[in-house]
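Student: One structure is given below, represented as structure tokens, and several questions about it will come after.
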There are 2 protein chains.
Amino acid sequence: MFTDCSSSTTSRLIHLYNRNGVFLPRPSVSQFSLRTTASTWRCTLSIRSSSSPSAIVIDGKAEAKKIRDDIKIEVSRMKESIGVVPAEDSSEEEVLKYVSGFNDDPSVHGVLVQLPLPSHMDEQNILNAVSIEKDVDGFHPLNIGRLAMRGREPLFVPCTPKGCIELLHRYNIEFKGKRAVVIGRSNIVGMPAALLLQKEDATVSIIHSRTMNPEELTRQADILISAVGKPNMVRGSWIKPGAVLIDVGIKPVEDPSAAGGERLVGDICYVEASKIASAITPVPGGVGPMTIAMLISNTLTSAKRIHNFQ
Amino acid sequence: MFTDCSSSTTSRLIHLYNRNGVFLPRPSVSQFSLRTTASTWRCTLSIRSSSSPSAIVIDGKAEAKKIRDDIKIEVSRMKESIGVVPAEDSSEEEVLKYVSGFNDDPSVHGVLVQLPLPSHMDEQNILNAVSIEKDVDGFHPLNIGRLAMRGREPLFVPCTPKGCIELLHRYNIEFKGKRAVVIGRSNIVGMPAALLLQKEDATVSIIHSRTMNPEELTRQADILISAVGKPNMVRGSWIKPGAVLIDVGIKPVEDPSAAGGERLVGDICYVEASKIASAITPVPGGVGPMTIAMLISNTLTSAKRIHNFQ
């Protein structure tokens, strides 16, 4: 069915379907359910309200560009100094040989295969060539363990949660003693994001699919990171006034007025939230670009470590 | 100074000292501070109130005995079947040789040195002989990482938090959808306890030394695990009625009436808490015996895995 589900000046239509009496957006590839009421799903799907929002918009695109520019300078400096830079125009064979060399070299602490690879390389071939002990995407249990432990540091931090924390730092958000809530406990975002927030001395709570009344906890959050992939799940009423909101969710929803008939929407109902929060990431243009920037940054860190370049 | 700090029928005296205007019990080896008010520390230090408490007393000593008895049966079964049992009456040289054999054997996945060792063995010699990749006390980052990740399982779970969860299971405490709060984020108790509670589908919050107003969070906890080591820090007013309380803290406090002039006290003010909670572990006799039982259990698991014994 189609229903008008807004009170906004620029409301849109969204295609909903009825499951167990609850109207939901169309199911997506990764299903995730929080025990919420039907009203949770009725959010204004406008991109921006015409009334000016009170929250600072955390511009991941701009920050990611600054990081990429810094990385370019560093790479040029490496090239001039030691004549070796992270491979970009290499052949697949050359990259495989390089990875194999890293695997056999005991002084190498980690290998990061930056995705996406250039189109002339077979991703699986190269990923499979990396020794598991040196798979420093940050997802290896050894890195996650070091992330969890006090007094230990991982070789690499998973890129998306690292990007979230980096954004917060760049906007001078205070962590120490703050209440932080993470929605989602995935290995690649929610769980490492919670560990990173705790490393920053925030008091962290983790909400997941089994959590009853998640809004009771989110309303206590000074910092809220949502990484679920359910469009507009987090309503204005879930948010503590003045909170800082990081929206990792990104899902296409039907929108007849958009090019291609759909557009990307985050976990957080932007129109409602931006009136209550002190700062918020947009979707797209928030966390997404930061993930890419952190991937490049991790690759540079790896290269500098390999070549003992300060 | 000495002060009477109770409203109980069987109150005791406790030796306090003044630091920055806050009266605290004598400092202990591992200092840990929560930002609380002075009133936090004024707890009745009676072992039991004469009025019958409402909470079920979770008897770790009895449960640990049951586990040890089960292990005895398993060890006998192993001895009869394969003639190999976890070394107990071996010499130090025999144990070192055995450990070295595990280190060199690629089919061996882990080695656990069960502490305390028999008195005729040098603990450091034997611990140092275990390859770090196979140090399966459960504290290795690889095991912690697997504990943190969904879809992964550690080879060994650290004994004290494992004991806490085992106790809760044995008392049929429901985890799913419950609010759990862990006080303390140490590598050996607080952090792995939080990860285990999350694996059980509880919604977990972690309180630590930087947390402001910890009692606001503890009052929401259906399950509360405290692992700080500050006598009577958790007052009755911190506890949600009907909560289940696991007290990992254990510290000696001065008590002129006790043998030796001191006795062991937990993080949770037992007299106050036992009137509000639905279940509570005593100190001593709660988590302590379970830690030992889990150490023995882990050793058996390791031995069975080594010998492919089902």
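Student: Go through segment A:264-282 and report how many residues are open to solvent by 70 Å² or more (accessible area, probe 1.4 Å) and in contact with a Ser or Thr (Cβ under 9 Å, 6 or more places away or on another chain).
Tutor: Qualifying residue count, segment A:264-282: 1.
Student: I've got another one for you. Somewhere in segment B:150-170, is a residue out of contact with any helix residue (DSSP H, G or I) (no Cβ under 6 Å at 6 or more places or on another chain), part of a strand (DSSP E or B) and farther than 16 Å from residue A:148 by Cα?
Tutor: No - not one qualifying residue is present in segment B:150-170.
Student: Select from segment B:245-263 the residues that are open to solvent by 10 Å² or more (accessible area, probe 1.4 Å), under 18 Å from the mean Cα position of the chain (by Cα) and not charged (D, E, K, R) and list them in ascending order.
Tutor: Listed by number, the residues that qualify are B:248, B:250, B:252.
Student: Here's another thing I want to ask about it. Which of the residues that make up segment B:283-298 are on the phi < 0 side of the Ramachandran plot, part of a loop (DSSP other than H, G, I, E, B) and surrounded by fewer than 24 Cβ atoms within 10 Å (Cβ to Cβ)?
Tutor: B:283, B:284, listed by residue number.
Student: Same structure, new question: Spot the failing condition for residue B:310; the list is (1) open to solvent by 10 Å² or more (accessible area, probe 1.4 Å); (2) in a helix (DSSP H, G or I); (3) among the polar types (S, T, N, Q); (4) modelled with pLDDT under 95, and only one is missed.
Tutor: Here residue B:310 meets the rest and fails (2).
Student: Filter segment B:175-211 for residues that are under 22 Å from residue B:146 (Cβ atoms), of a type in the set (Val, Ile, Thr) and more than 7 Å from chain A (Cβ to nearest Cβ); which is least open to solvent (accessible area, probe 1.4 Å)?
Tutor: This residue is B:182.
Student: Separate question: If a residue has to be of a type outside the set (A, V, I, L, M, F, W, C) and buried (at least 23 other Cβ atoms within 10 Å of the Cβ) to count, how many in segment A:142-153 make the cut?
Tutor: Residues flagged as of a type outside the set (A, V, I, L, M, F, W, C) and buried (at least 23 other Cβ atoms within 10 Å of the Cβ) within segment A:142-153 amount to 2.
Student: So, residue B:126, is that one modelled with pLDDT under 95 and crowded, with 23+ Cβ neighbours inside 10 Å or not? Break it down stepwise before answering.
Tutor: Details: modelled with pLDDT under 95: yes; crowded, with 23+ Cβ neighbours inside 10 Å: no.
When the stated conditions are applied, residue B:126 does not pass them.
Student: So residue A:303 passes all but one of these: (1) touching a Pro at 6+ places or on another chain (Cβ under 6 Å); (2) open to solvent by 20 Å² or more (accessible area, probe 1.4 Å). Which condition number does it fail?
Tutor: For residue A:303, the exception is condition (2).
Student: Name every residue in segment A:212-235 that is open to solvent by less than 30 Å² (accessible area, probe 1.4 Å) and in contact with a Lys or Arg (Cβ under 7 Å, 6 or more places away or on another chain), in order of residue number.
Tutor: Narrowing segment A:212-235 to residues open to solvent by less than 30 Å² (accessible area, probe 1.4 Å): A:214, A:217-218, A:221, A:223-234.
Scanning segment A:212-235 gives A:221, A:223, A:229, A:231.
Here's the yes/no breakdown for (1) at pLDDT 95 or above; (2) under 12 Å from the mean Cα position of the chain (by Cα); (3) over 28 Å from residue A:65 (Cα atoms):
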{"position": "A:136", "(1), (2), (3)": "no, no, no"}
{"position": "A:161", "(1), (2), (3)": "yes, yes, no"}
{"position": "A:178", "(1), (2), (3)": "yes, no, yes"}
{"position": "A:199", "(1), (2), (3)": "yes, no, no"}
{"position": "A:206", "(1), (2), (3)": "yes, no, yes"}
{"position": "A:214", "(1), (2), (3)": "yes, no, yes"}
{"position": "A:220", "(1), (2), (3)": "yes, no, yes"}
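Student: Mind checking whether some residue in segment A:156-171 is within 12 Å of chain B (Cβ to nearest Cβ) and open to solvent by 30 Å² or more (accessible area, probe 1.4 Å)?
Tutor: Scanning segment A:156-171 turns up no residue that is within 12 Å of chain B (Cβ to nearest Cβ) and open to solvent by 30 Å² or more (accessible area, probe 1.4 Å).
The values are calculated or read from the model by the stated rules, or taken from the named source; none is laboratory data. None of these values were measured; they are calculated from a predicted model. Methodologically, a virtual Cβ is constructed for each residue, glycine included, from the backbone with ideal geometry; neighbour enumeration extends over all protein chains shown. Protein only, heavy atoms only, side chains kept; ligands, DNA and RNA dropped before computing areas. Shrake-Rupley method; radii C 1.70, N 1.55, O 1.52, S 1.80 Å.
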